[in-house]
Amino acid sequence: MSIFSKTALMAATALTLAASPALAQVEIQWWHAMTGANNDVVNKLAADFNASQKEYKVVATYKGSYADTMNAGIAAFRAGNAPHIMQVFEVGTASMMAAGKAIKPVHELMKEAGEKFDPAAYLPSVAGYYSTVKGEMLSFPFNSSSTVMWYNKDAFKKAGLNPDAPPKTWPEVFDHAKKLQGAGYASCGFSTAWITWVNIEQFSVWHNIPIGTKANGIDGFDTEFKINSPVHVKHWANLAELQKTKTFDYSGRTNTGEGRFTSGECPIFLTSSAFLGNVKANAKFDWANAPMPYYPDVAGAPQNSTLGGASLWVMGGKAANDYKGVAKFFTFLSDTDRQAKLHTDSGYLPITTAAYNKVKASGYYKDNPYNETPLKELTNKPPTENSRGLRFGNLVQIRDIWAEEIEEILTGKKTPQAGADAMVSRGNAVLRQFERTVSR
Amino acid sequence: MEKRTVFSSYAIPAALLLPQLLITIVFFYLPAGQAVWQSFQLEDAFGTSTQFVGFENYQILFSKPEYFKAMGVTLIFSSAVAFMSLSISLLLAVMANKHIAGAGAYKTLLIWPYAVAPAVAGVLWLFMFQPSLGMVSGVLKTWGIDWNPLLNSNHAMILLVMAATWKQISYNFLFFLAGLQSIPHSLIEAASIDGARPARRFWSIVFPLLSPTTFFLLVVNITYVFFDTFGIIDAVTGGGPAGSTTTLVFKVYHDGKSGGDLGLSAAQSVILMILVVGLTAIQFKYIERKVSY
């Protein structure tokens, strides 16, 4: 390169730098775990925000699965270069809450940045999940879902069942599943993804029975599990019995078995309401969803359901001006029209009451009732001590332990009672371990 | 007479050793030392508070029956994988060493899987054997086998052993092939002339002469199964069903990653390190005697 062109290049670079507004822009790093259609939603939100103002630039980066994203964030924090915003799934909530100075509580952030922020504007069952006992919101609810029962209407017709009257109770589900097996669905009458989320966490909340003491851990780290109650044990006994004939067939610990519904193998499948996009794209049959089943002999059931999905955590130790940008971005996300559109586009729940009412008023749910099922479940009854939410440290690890015991029960290696007792004792050991690390 | 290079000072030999020493220190001794140090500490996932707790992590570890179960699983898994991968690759190497058309292509194809990442290898096998959608499980079903690695621990273990073995065959194959090619033809020809049949020639001449390679591969394979298989386990079974495929190294990875408990995870890796060092020492002391170089 000649001296002349080098100088010219330098001059040109200097000029562009001076002229570009990017120089003054503050970058906000946002790590997330959204794939497919929901990844597009995230990128569009960032792009729209960046176009709406000049001061800040949100950079959205996909970091793998929920667990991967959380681990990447933790590792980055330890290395001193954490992102500003990190999407953490609901299971990681307790661990994040205990993270002390590693996080910046959202209520504090909004106050310091002078952004208008009213916690009461958010759906109580959503905001409650991510708030302290005093009602201070710690993380910003982003994508929320709940468990619903998906069913194959064509299969129901084939088995002589009414496709517009889905089973309401567990005994009805068992009965339907047996009939469906006779109509050509022999390898799987019904199944569930997220075996522990659906059959322990949501199951307990929906039946208004405690998962653990201290309001499911919300009131303190010294909580103990209660999931070996007669109702829990009865449910495991039923599933273990039905597993023998594949009326119920186990589909694994996470949601990798969801394909069994869309492929038409399992005609009844309990999983997240956010399965919607996948069902729309892949199911080549007439489908619908319905609220989770319950045992009619349990007093007060069904109660209300609890959340799945994720929230946005703000990491600690950043500059005040960066936090201002994050706060502006959260205000942008809370906008009623934007929330309403997010809800109808992604299948995730609206997080503000105003957005829910707006979608309701538009008549959207008349044509798309399956989008309202999780909302109806969440708001079915005013939450109780047992149904407000749950907060257990190291729940990711505990879920694996529970799944191990469930696998023992379903294969008949342990009785339902022995398995449930082990879930409690082994789960408690992890809770004590968590308490040990956070309380010193 | 001994051949010996004599250096006039310590500077040159020290300089020649330095790069290797540096690499060993930076990539082995420092991390290993850090693991030992971390195993005596209690730390939250974010590292905001750290406390010295002595042997508490070890006490907790040995009070758990799951840890001993994982040891048993590791024993079964490692012996199955080491035996399978060594015997299959030896068989393939002997075949490929013959003068056949297209031997080069066979060799390339056999070496190929070594370049596949463990997690990818795991997912590949997972897809083939997925109970409701997998191709192989479909065939198994028509044979009347109710293939279900999600609940049947034997099926899960078989699947893992296959995936881990497949991944290691290429490496072993490469060494066995090189070992076979270095055996002088004159020896085998002489045996043929004496009337030894192929099987006899193999067991009496080829196999003993291959013993240095076999011994080296045995050590490498055991180390591979002990340390490098957590990616495959994570992708294929996640340690399930009911902990029946949770090996020691998977537990290290899992307790540290999803449990966020680095102290306990470090304590496990220290024990694993001691186990593998001990195992290798035993191999060198007792098995190496049978090796003729």
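The values are calculated or read from the model by the stated rules, or taken from the named source; none is laboratory data. Every value quoted in this text rests on a predicted model; they were computed, and no experiment measured them. For neighbour counting, all protein chains shown are included, and Cβ atoms are generated from backbone atoms with ideal geometry for every residue, glycine included.
Just one of (1) free of Cβ contacts under 8 Å to residues at least 60 places away in the same chain; (2) under 30 Å from A:T69 (Cβ atoms) fails for B:I60. It is (1). Taking only pairs six or more apart or across chains, which ones have beta-carbon atoms under 8 Å, a first residue in the range A:60-72 that is over 15 Å from A:T93 (Cα atoms) and assigned by TED's automatic domain parsing to the domain that holds A:S95, and a second residue that is modelled with pLDDT of 90 or more and of a type in the set (S, T, Y)? From the range A:60-72, the pairs are A:K63/A:T69.
So if I check each of A:Y365, A:Y348, A:Y356, which one is part of a loop (DSSP other than H, G, I, E, B) and of a type in the set (F, W, Y)?
Numbers: A:Y365 fails: part of a loop (DSSP other than H, G, I, E, B); A:Y356 fails: part of a loop (DSSP other than H, G, I, E, B).
The unique qualifying residue is A:Y348.
Only one entry of A:V198, A:V205, A:V231 meets the criterion of being of a type in the set (A, V, I, L, M) and either closer than 18 Å to A:D421 by Cβ or touching a Cys at 6+ places or on another chain (Cβ under 8 Å) (or both), and that entry is A:V231.
When you scan the range A:172-181, do you find a residue that is among the acidic types (D, E) and modelled with pLDDT under 95, even just one? No.
Going by the structure shown, is B:A14 surrounded by 12 or more Cβ atoms within 10 Å (Cβ to Cβ) and away from chain A (no Cβ under 14 Å)?
Values: surrounded by 12 or more Cβ atoms within 10 Å (Cβ to Cβ): no; away from chain A (no Cβ under 14 Å): yes.
So B:A14 does not fit the description; no.
Picking from residues in the range B:118-139 that are touching a Gly at 6+ places or on another chain (Cβ under 8 Å) and free of Cβ contacts under 8 Å to residues at least 24 places away in the same chain, the one that is surrounded by the most Cβ atoms within 10 Å (Cβ to Cβ) is B:S132.
Which ones in the range A:315-334 are under 21 Å from the mean Cα position of the chain (by Cα) and either among the polar types (S, T, N, Q) or modelled with pLDDT under 90 (or both)? Within the range A:315-334, A:S334 is the sole residue that qualifies.
Selection of first residues in the range B:92-108 that are free of Cβ contacts under 8 Å to residues at least 40 places away in the same chain and of second residues that are part of a loop (DSSP other than H, G, I, E, B) and loosely packed, with under 13 Cβ neighbours inside 10 Å, restricted to Cβ pairs under 8 Å at least 6 apart or on distinct chains, gives the following pairs, ordered by first then second residue: B:Y106/B:I100.
Results for (1) more than 17 Å from A:V198 (Cα to Cα); (2) outside the structural domain of A:I200 (by TED's automatic domain parsing); (3) buried (at least 20 other Cβ atoms within 10 Å of the Cβ), shown as yes or no for each residue.
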{"site": "A:Y250", "(1), (2), (3)": "no, no, yes"}
{"site": "A:R253", "(1), (2), (3)": "no, no, yes"}
{"site": "A:T262", "(1), (2), (3)": "yes, no, yes"}
{"site": "A:F269", "(1), (2), (3)": "no, no, yes"}
{"site": "A:P291", "(1), (2), (3)": "no, no, no"}
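Quick check on the range A:345-365. Is at least one of its residues buried (at least 19 other Cβ atoms within 10 Å of the Cβ), of a type outside the set (K, R), within 27 Å of A:T35 (Cα to Cα) and within 14 Å of chain B (Cβ to nearest Cβ)? So that I can check it myself, show each step before the final result.
Within the range A:345-365, the subset buried (at least 19 other Cβ atoms within 10 Å of the Cβ) is A:346-352, A:355-356, A:359.
Within this subset, residues satisfying the condition of being of a type outside the set (K, R) are A:346-352, A:355-356, A:359.
With within 27 Å of A:T35 (Cα to Cα) added as a condition, the list becomes A:346-352, A:355-356, A:359.
After this cut, where a residue has to be within 14 Å of chain B (Cβ to nearest Cβ) as well, the list is none.
No, the conditions are met nowhere in the range A:345-365.
The condition of being of a type outside the set (G, A, S), more than 30 Å from B:G260 (Cβ to Cβ), in contact with a Leu (Cβ under 7 Å, 6 or more places away or on another chain) and in contact (Cβ under 8 Å) with a residue 12 or more places away in the chain holds for only one of A:L375, A:L349, A:L410, that being A:L375.
Looking only at the range B:248-266, decide whether some residue is touching a Leu at 6+ places or on another chain (Cβ under 9 Å) and among the aromatic types (F, W, Y). Checked the range B:248-266: no residue is touching a Leu at 6+ places or on another chain (Cβ under 9 Å) and among the aromatic types (F, W, Y).
I'd like to check which helices (runs of 4 or more DSSP H) are fully inside the range A:197-250 and have at least 1 residues that are without any contact (Cβ under 8 Å) to a residue 24 or more places away in the chain. Spell out the reasoning first.
Numbers: elements: A:203-206, A:213-216, A:230-245.
Because the criterion is at least 1 residues that are without any contact (Cβ under 8 Å) to a residue 24 or more places away in the chain, the helices (runs of 4 or more DSSP H) in the range A:197-250 that meet it are A:213-216, A:230-245.
Checked against the criterion of being in contact with an Asp or Glu (Cβ under 8 Å, 6 or more places away or on another chain) and either without any contact (Cβ under 8 Å) to a residue 60 or more places away in the chain or of a type in the set (S, T, N, Q) (or both), the candidates A:Q417, A:Q339, A:Q397 yield just one match: A:Q397.
Considering only residues that are more than 14 Å from chain B (Cβ to nearest Cβ), of a type outside the set (A, V, I, L, M) and either buried (at least 21 other Cβ atoms within 10 Å of the Cβ) or in contact with a Phe, Trp or Tyr (Cβ under 9 Å, 6 or more places away or on another chain) (or both), which ones fall in the range A:209-235? Passing the criteria: A:P210, A:G212, A:T213, A:K214, A:N216, A:G217, A:T223, A:F225, A:H232, A:K234, A:H235.
A residue that is of a type outside the set (F, W, Y), away from every other protein chain (no Cβ under 14 Å) and within 30 Å of B:L209 (Cα to Cα) can be found somewhere in the range B:64-77.
Could you say whether any residue in the range A:386-395 is within 14 Å of another protein chain (Cβ to nearest Cβ) and of a type in the set (A, V, I, L, M, F, W, C)? The answer is yes; a qualifying residue exists. Under 8 Å between Cβ atoms, which residue pairs at least 6 apart in sequence (or on different chains) link something in the range B:140-169 that is more than 14 Å from every other protein chain (Cβ to nearest Cβ) with a partner that is in a loop (DSSP other than H, G, I, E, B) and surrounded by fewer than 16 Cβ atoms within 10 Å (Cβ to Cβ)? From residues that are more than 14 Å from every other protein chain (Cβ to nearest Cβ), the pairs are B:K167/B:V116. Consider the range A:302-332 and keep the residues that are of a type in the set (A, V, I, L, M) and within 22 Å of A:G73 (Cα to Cα). The one that is surrounded by the fewest Cβ atoms within 10 Å (Cβ to Cβ) is A:A320. Residues in the range B:23-56 that are part of a loop (DSSP other than H, G, I, E, B) and either within 23 Å of the chain's Cα centre (by Cα) or loosely packed, with under 13 Cβ neighbours inside 10 Å (or both): B:G54, B:F55. Look at (1) part of a helix (DSSP H, G or I); (2) closer than 29 Å to B:N172 by Cα and you find that B:A101 fails only one, number (1).
Go through the residues of the range A:316-327 one by one and say whether even a single one is basic (K, R) and farther than 30 Å from A:F225 by Cα. Looking through the range A:316-327, at least one residue is basic (K, R) and farther than 30 Å from A:F225 by Cα.
Can you tell which of A:W206, A:W194 is at pLDDT below 95 and of a type outside the set (K, R)? Step by step, each of A:W206, A:W194 is checked, and only A:W194 is at pLDDT below 95 and of a type outside the set (K, R).
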